[in-house]
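Q: This structure is in structure tokens; I'll ask about it shortly.
The values are calculated or read from the model by the stated rules, or taken from the named source; none is laboratory data. Quantities reported herein were computed from a predicted structural model and do not represent experimental measurements. Neighbour counts run over all protein chains shown; Cβ positions are idealised from the backbone, glycine included. To get the accessible areas, we keep the full protein, side chains included, count just its heavy atoms, and leave off ligands, DNA and RNA. Shrake-Rupley method; radii C 1.70, N 1.55, O 1.52, S 1.80 Å.
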Amino acid sequence: MSSSYSPSERRKRIAERIPASGPRRNVLDVILIVLGSFITALAFNMFLLPSRIASGGVSGLSILAQAWFGLEPAFTQWALNIPLFIAGVLLLGRQYGIRSLLGSVLLPLFVYFTSDWPVPTTNPLLASLYGGIGVGLGLGIVFRGRGSTGGLSILAQIIQKYTGFSFSLSVVLLDGTVIVLAGFALSPENALYALIGLYITGKVIDAVEMGLGYSKVAYIISNHKEKIARAILVDLDRGLTELAGRGGFTQEDRPVLMVVVGQNEVTRLKTLVRSVDPDAFVIIGNTYEVLGKGFKRES
């Protein structure tokens, strides 16, 4: 399975929010990798494999190998994952440690032991949708455990290192090659369903990593910043930050107030700012994760 970020990049992003060491942290990592690999295997066997949705990665190649040669997908995944893992260690360094090896071995193992589980649908559209959701959920959990399931993401990093291609381009080339092969080996329609599954997988991975509790960040420019700041602190009970800004045309200093609020507080914030200064310039956008007082804490 491959995704829009390399395993090392994803582990770095998660490690910035989760303590990096300690026995409890290591145990939690193993649990997450095991759970995520199991969910990924279930999604593969219950949705993608029965409908032959080869949505990129080693899993997609294993579907093609079954269609061409009748090979058991789990064996194909082992046969590809282990050499790729070894190549990653030799060519990229030891960042592919025990957690990456664990995922590379466990995923095919779970694929093998859940191969006889009942299939809930044979509709290819439903299979691509729910298969993409399941694989994205499983991989997202594995990445939160600072692990990976190996696969073509390792090959993509090798290509990046030795050709100068960006990682994202390398992933697109590899997954695109698998999907094109699926179009020839299976049918063009299967390739189109595979694209749907691959897209949804990426979106769900991001949701698992960043969380679904979107907050809003607002930037406020006003000639009455002191009154607005006081109103936000007192009436809205939210902290704020004053950023240095300068008008592009006037070249005058224009401080910018930045405040993060929950989705249910956006209307109150706009009403409050409008009541103080109807001419205030306000920009409001999504922010995917906020850590700190008044929001959530990660342990």
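Q: State which residue pairs qualify: first residue at positive phi and free of Cβ contacts under 8 Å to residues at least 12 places away in the same chain and inside region 254-271, second residue open to solvent by less than 20 Å² (accessible area, probe 1.4 Å) and of a type outside the set (S, T, N, Q) in any location, beta carbons under 6 Å apart, and separation of 6 or more residues or different chains.
A: Qualifying pairs under 6 Å: none.
Q: State which residue pairs qualify: first residue under 16 Å from residue 60 (Cβ atoms) and inside region 148-171, second residue outside any helix (DSSP H, G or I) and modelled with pLDDT under 85 in any location, beta carbons under 6 Å apart, and separation of 6 or more residues or different chains.
A: Matching pairs, first to second residue: 149/1; 151/1; 151/2; 152/2; 153/2; 153/6; 171/2.
Q: Tally time: how many residues in region 128-137 are open to solvent by less than 10 Å² (accessible area, probe 1.4 Å), over 10 Å from the mean Cα position of the chain (by Cα) and not hydroxyl-bearing (Ser, Thr, Tyr)?
A: Result for region 128-137: 3.
Q: Take the residues of region 219-257 that are part of a strand (DSSP E or B) and either modelled with pLDDT of 90 or more or of a type in the set (S, T, N, Q) (or both): which is most open to solvent (accessible area, probe 1.4 Å)?
A: Looking at residues that are part of a strand (DSSP E or B) and either modelled with pLDDT of 90 or more or of a type in the set (S, T, N, Q) (or both), I get 242.
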